[in-house]
1. Quick check on Tyr104: is it part of a helix (DSSP H, G or I) and either at pLDDT below 95 or open to solvent by 40 Å² or more (accessible area, probe 1.4 Å) (or both)?
2. Can you tell me which residue among Leu27, Leu14, Leu97 is in contact with a Cys (Cβ under 9 Å, 6 or more places away or on another chain) and open to solvent by 60 Å² or more (accessible area, probe 1.4 Å)?
3. Within the set of pairs 6 or more residues apart or between chains, which connect a residue that is at pLDDT 95 or above inside the stretch 109-123 to a residue that is part of a loop (DSSP other than H, G, I, E, B) and among the hydrophobic types (A, V, I, L, M, F, W, C) with Cβ atoms less than 8 Å apart?
4. Just need a number here: residues in the stretch 31-88 that are touching a residue at least 24 places away in the same chain (Cβ under 8 Å), open to solvent by 50 Å² or more (accessible area, probe 1.4 Å), charged (D, E, K, R) and not in a helix (DSSP H, G or I).
5. List pairs: first in the stretch 11-29 and in a helix (DSSP H, G or I), second of a type in the set (A, V, I, L, M, F, W, C) and open to solvent by 20 Å² or more (accessible area, probe 1.4 Å), Cβ under 8 Å, 6+ apart or cross-chain?
Amino acid sequence: MSDDSDSKRVVIGLGSGRSGTASLTSLLDRQPGGICFHEMNPSSAVFSGNPQPLVNAVWEFKKLLRGGERSLLSIDYSRPSSVLTYEKLQDMRELNLIGDIAFYYLNYGDDLLHVAPELFFICIKRDREKTVSSWLKKSSIRRWRSLWLADKLK
């Protein structure tokens, strides 16, 4: 890294859905020289038993902060938000902070710290009832009244 390597950071955000992870992503993304993904590569994540895909992401982030080739970052191209963030990364002049916010890092904190002790974690916790309520509201399907009644009768 350059002489200002102490100011360069890899940040991993942890939290369940509907807890503010998208807002945290937006906040980190607006830092000078910062870019943050929101669930950058869920298609490669294994939720227990294999930290390697997430370790690889942290290694890739560290390489990028040292000036590595930005086009080599592994992302899930089926996620439009990841593609947009990836494209923004390609055009950035300086990179001081890079991160990803996703629930699938939760099981692997110790594994990630083992390979990158300088890693920063931000963990979001939200009241259980409010989280469930938010999920129910988000997932409710707005349907015609006749279909809604048919669903209720089922």
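The values are calculated or read from the model by the stated rules, or taken from the named source; none is laboratory data. Small disclaimer: the values here were computed from a predicted structure and weren't measured. Quick reminder, even Gly has a Cβ in these numbers, built from the backbone with ideal geometry, and neighbours come from all protein chains shown. Each accessible area value is taken on the protein alone, full model and side chains, heavy atoms only, with ligands, DNA and RNA left out. Shrake-Rupley method; radii C 1.70, N 1.55, O 1.52, S 1.80 Å.
1. yes
2. Exactly one of Leu27, Leu14, Leu97 is in contact with a Cys (Cβ under 9 Å, 6 or more places away or on another chain) and open to solvent by 60 Å² or more (accessible area, probe 1.4 Å), namely Leu27.
3. Pairs that qualify, where the first residue is at pLDDT 95 or above and the partner is part of a loop (DSSP other than H, G, I, E, B) and among the hydrophobic types (A, V, I, L, M, F, W, C), are Leu112/Leu119; Leu113/Leu119.
4. Result for the stretch 31-88: 2.
5. Thr21/Phe103; Thr21/Ile124; Leu24/Ile122; Leu24/Ile124; Leu28/Leu97
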